[in-house]
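To start, the structure itself, in structure tokens.
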Amino acid sequence: MGAALLDGTGDDTSSLLRWVEQHRRIVQHSEAETLASAATWAALHAEGSRVGPCASWEQGFLPLAGEGTPEVAEFSIAEFAAVLGRSTDAGRTYIGDALELAHRLPRIYARTQAGTLEVWRARQIAQATRCLPPTGAAYVDRQLAPVAHKVGKVTIDRLVDEAMSRFDPDQAHARAAAAAEARKVDVHRDDRDHAGLADIHATVDLTDADDFEAAIARRAAHLGAHGDTDPLDVRRAKALGQMARADLGLDLATGNRAPGACAGVELRVHVTADDLAAALAETSTETHTGEQPSSARLARVEKTRSFIDLDALRRWLSRPDLRLAIRQVIDTTATLRADRYEIPDRLRRQVIERDGHCVFPHCTRPAHRADIDHITPYDPGGPPGQTSSDNLAALCRNHHRHKTFGGWSYTMLEPGYYLWRTPHGHRVLVTHSGTLTL
């Protein structure tokens, strides 16, 4: 019905609206049933239960929700998440929300099952109440259940704070004291896809924020007064980098700058020899003529998921505080072998470069922080060459344990393509493009 109307073969707009409403209710009902299935799955794999192939004495039982909810076998989480089309971490959160609702927020949970409350709203409440004692969660459940369909996060957080003060004053005091420890600075190097940019977020004392703003504004104004024609926001960003590099050149013990000192920043960029030569030539051209050449070609920054264009590479090469490391390119399609269990550095680098991230379904943890797994376990009495490109893959430590102890198995179809089998026999294909449940 909907497709026909959108194609112009139908003209009944009222029918289209009825179709949309009907399918919205179908989706909402399906989401509620999936949430209920997560609670049931958790019950089947709660501590004390030994269900099917997920049973393993090597696994632990994890608390996924608030006080009073059952702990769940850790290896069971990944399989449910994979079938749901989510990462293990996202699956852990989803099952925890289902447990929180089913065990500690029964009124709100009942509304999801009756179809009068969207699952996403119920999960938002569940994630806020996990810190509460059972009496506090019950209080929030009573207060919010009638109005849960129209309240926002601010109202939820305010009610949770009230419940904490009423039913767990010691914890409320501890949380207030811990708020002072929330100061932090996060540098997100992997959040940008290209252009060599990164996001920085900070939570600091108000007085520190005022000093920081004054210093940034001062340097940005100085850049503008000395010929920098970039917009103010860009000059403020440049000023932050200048402040960081100035600090790196200081002897913190004396506050003095060593002669010729520069920041010890090192970036590794994967780029072809031709593009590197072009970037170097363009840097020289810009220095002498002021031209700003551009290019659509991209280079990859090692240990991040970001790419830069050659303009950004040229800009970096013009900075004296960056060191350029030139390394021979590794052929990720070649088959390298070693006749021992230990993995040589060159073979390890090839696997990291080829896989990019943990090859477990939906996992995105970077390969350079992962274990290198023998897909077919290494046999000390077996033939030579078992440590080879076609028998190695990057697995983060958590998912390495799932493969070793949790009933998961996989094969490499070809470099970068991995076919996984879950403990219950579901097949999942992992490629550089993502994860596909077959």
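Values quoted throughout were computed directly from the atomic coordinates according to the rules given, and no laboratory measurement underlies them. Source: prediction; values computed, not measured. No Cβ is skipped: glycine too gets one built from the backbone with ideal geometry, and neighbour counts run over all protein chains shown.
Observations on the structure shown:
- In this rough spin-label picture, where each label sits 7 Å from Cα along the Cβ direction, the Asp390-Thr411 distance is 1.2 nm.
- Report note on the peptides 240-253, 95-108, 407-420: ranked by the mean count of other C-beta atoms within 10 Å, highest first, their order is 95-108, 407-420, 240-253.
- What the Kirkwood sum gives for the stretch 337-437 is a hydrodynamic radius of 13.6 Å, with every pair of different alpha carbons counted.
- Sorted peptide list for 150-156, 353-359, criterion being average Cβ within 10 angstrom, highest first: 353-359, 150-156
- With eigenvalues of the C-alpha gyration tensor scaled by 5 and rooted, the stretch 69-202, Å: 28, 23, 16
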